[in-house]
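Quick note: the coordinates plus some simple rules give every number you see, no bench work behind them. These numbers come from a predicted model, not from an experiment. Cβ coordinates were reconstructed from backbone atoms using ideal geometry, including for glycine residues, and neighbour counts include every protein chain displayed.
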């Protein structure tokens, strides 16, 4: 029995990322690749040097093509089944960095169809509404509207279904069983769904009527979908999409990942300063039972969720994070001070984010694409022709 | 082992329609129901009295509702994988009669997605082109453009996929196995497809934002799809769709049904008079080995494909068909004369049909509905907003 589960529908337990690399057959991002990225991007994002983005498929090929004048486009996504928390934001921050450094388009998929199909109590309308709500958080991160196309699967259903047909014809249920573990009790929308998630990897190629490399930054749980994409798309004449994959932001409690569905493990983008304060103050740390003991023997940042938040999101300056770590180990930094520092940093980030999120409302039209498919209108127009 | 197979993807063998009624759990159309139909429609189509339309689900309920001021709409379809033959036309002629008698809307689905998914060598573009080609034959039959909405699944993919999601969430792969016999080697588009075929049964209800009864005239092989529709739609708050089901036009050769994929079993709507003449002259009959023998002991119309064509499509006058039958049995009517009569009738029908088919070309817009979903245009419009 594995101690952890990582599938597109469930992530739980203490994840062993080395084992994931072996099981999924993905490549670790090594020093040589980091050097190559730096050569082109002129800098390395801390998510790379800190191995938060830790693995990839064909990223070197993406860089080769880019350097040879064949630039890629970015594709990432979000399953809109609730509010956005910091764990969701992490890969998007990196995606924005990629857009900025490489000056490329981003296609952002909101998989409301998937969430409706996989989340039994979630209604169709709820899933769709979360698409629009979650889009505000995405826009707030500052993507370039000229180069960013956000869409709900429901809004772009025609384009997606038409192209998914060609993909679906090449995937059997046996493959779905083996890849995702879905069985005979799965609903037929769930079984079909992966073919919809493959389509955005070719949308730009379809529009430009030529083969364009696609790079997908994503959390590692989504790899099974894109493993299938990589099997199928070459059969349709397209490149295999490349990917760069990140680990999960851990829970504020002991064990597991930050999860919207488990209380007090996550900080949401719409949390108030008081909520953030309360959650961080209640967080699981590597500190000792008393301040006295902490001063004597020091804390343990390697198991501390507060330290992980500093490390993964809020203290990206290398000197500063080393300072926090060594002061903690030496007993010079107590949990209270360290937590206050994190609370301040999170609340400062959220203040700006929440302002930008509100300003994003009137900008939705500048980012979202959708079909014009109101059936009543379609019928009315047809009748006008008589 | 059954002697025949009737599924939406395969029809073969000598079909025992009584057994079908039992296995599918459909109701035979009895004298009482015929009487009720006549009461409302003021006449009975020969396809009813001759038991060509032989079975139904909830057709009595449809008539009850109609009489109580709650009219239904018609939904039927065509899988566009080749040219139209007379076997396809038969249920559509009856559908037109229903539209005329009850003055109701018809929603006509061209399942190019299905044909692409189930027909391995058929390309996506070919399936889509057959939709438009086959639509000409449908329009040629004289449906009322004000009340007829023809659509290719590919053209209406967004509307269909969005609504199919809600249906798919309620159908497991176990149900698909049991209903259609699809197994683990089926592609995931095939598995999902039935949810697309259910949607047209609620399209008018969606537009009108109220529950509207739906009647589906169709060949009996499609019953498994609509059995599922009847299970699922009430769970979404809709009526169970009703149906009225017909047998297959037999092959011109011995055994089986008229089939586009088996040579010389079918007469296509675009056949020339010479081709028709050749096919009918080569048809399997119930005649004797020589004219002399025929005159002595008579022919056997009950096994004769030529007689079946008279009976099912081309000699719909009751007195005339009885005359053909009795003269054949008595040895007064020889196969040559009987064939010539059929050839003349078919060619007369096809001459008119082919003319109307050509005239249908500029009318496509008056019948077809489609979404405006060109991705390039969608992206262009979005960029204009910046």
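Quick notes on this one:
- Nm distances between copies for residue A:317, ranked from closest, using label points 7 Å along Cα→Cβ: 10.1
- Binned Cα-Cα distances of the range B:28-176, short to long, each 10 Å bin given as a whole percent: 10, 32, 33, 22, 3
- As a calculated quantity, the FRET efficiency between residue B:364 and residue B:100 at R0 = 22 Å, using C-beta atoms, amounts to about 0.50.
- Cβ-Cβ FRET estimate between residue B:236 and residue A:372, R0 fixed at 22 Å, reported to 0.05: 0.30
- P(r) tail fraction, chain B - alpha-carbon pairs more than 39 Å apart, %: 19 percent
- Shortest-first nm distances, residue A:174 label point to equivalent points in other copies (7 Å, Cα→Cβ): 2.3
- Rounded to 10°, Cα long-axis angle of helix B:335-360 versus longest principal axis of chain B: 30 degrees
- Per residue convex hull volume, Cα atoms of the protein assembly as shown, in Å³: 184 Å³
- Taking each DSSP H run with n ≥ 4 as -39500 (n - 2.57) and averaging over every residue of chain B yields -15000 deg cm²/dmol at 222 nm.
- Spatial offset of the range B:348-373 relative to the range A:347-386 amounts to 37 Å, using the alpha carbon center of each.
- Ranked B:21, A:188, A:37, criterion: other C-beta atoms within 10 Å, fewest first: B:21, A:37, A:188
- Shape class of the range B:169-256 from the Cα gyration tensor (axes a ≥ b ≥ c, square roots of the eigenvalues): oblate, since a/c reaches 1.5 or more and a/b does not exceed b/c.
- Ranking of A:364, B:74 by count of other Cβ atoms within 10 Å, fewest first: A:364, B:74
- Helix A:188-198 axis, angle to chain A major axis (alpha carbon atoms, nearest 10°): 80 degrees
- Note on the protein assembly as shown: antiparallel DSSP beta bridges, both residues inside, total approximately 45 percent of the bridges counted.
- Sorted largest first, extent of the range A:233-386 alpha carbons per principal axis (Å): 88, 43, 29
- Euclidean distance of C-alpha centroids, the range B:1-43 and the range A:86-134, integer Å: 49 Å
- In plain terms, the residue of A:3, B:332 with the fewest other Cβ atoms within 10 Å comes first and the most crowded comes last, giving A:3, B:332.
- Shape parameters for the range A:120-235, alpha-carbon atoms, Rg then Dmax in Å: 15.3, 44
- The other copies place their residue B:296 label points at 12.3 nm from this one, listed shortest first, where each point is 7 Å from Cα along Cα→Cβ.
- Stokes-Einstein D for the range B:234-307, Kirkwood Rh over Cα pairs, 25 °C, 0.890 mPa s (µm²/s): 163 µm²/s
- Averaged over A:114-122, number of beta-carbon atoms from partner chains that fall within 10 Å: 1
- P(r) weight above 14 Å for the range B:105-166, C-alpha pairs, percent: 60 percent
- With N the number of residues in the range A:273-363, Rg(Cα) / (2.2 N^0.38 Å) evaluates to 1.22.
- Contact order, relative form, for the range A:4-246: 25 percent (alpha carbon pairs under 8 Å, 6 or more residues apart, mean separation divided by residue count).
- Helix axis angle, A:375-384 relative to chain A longest principal axis, alpha carbon, degrees: 30 degrees
- Taken along the Cα-to-beta-carbon direction at a fixed 7 Å, the label points for residue A:39 and residue B:183 span 5.2 nm.
- Among A:148, A:179, A:285, residue whose mean-square fluctuation peaks in a GNM of chain A (springs only between Cα atoms under 10 Å): A:179
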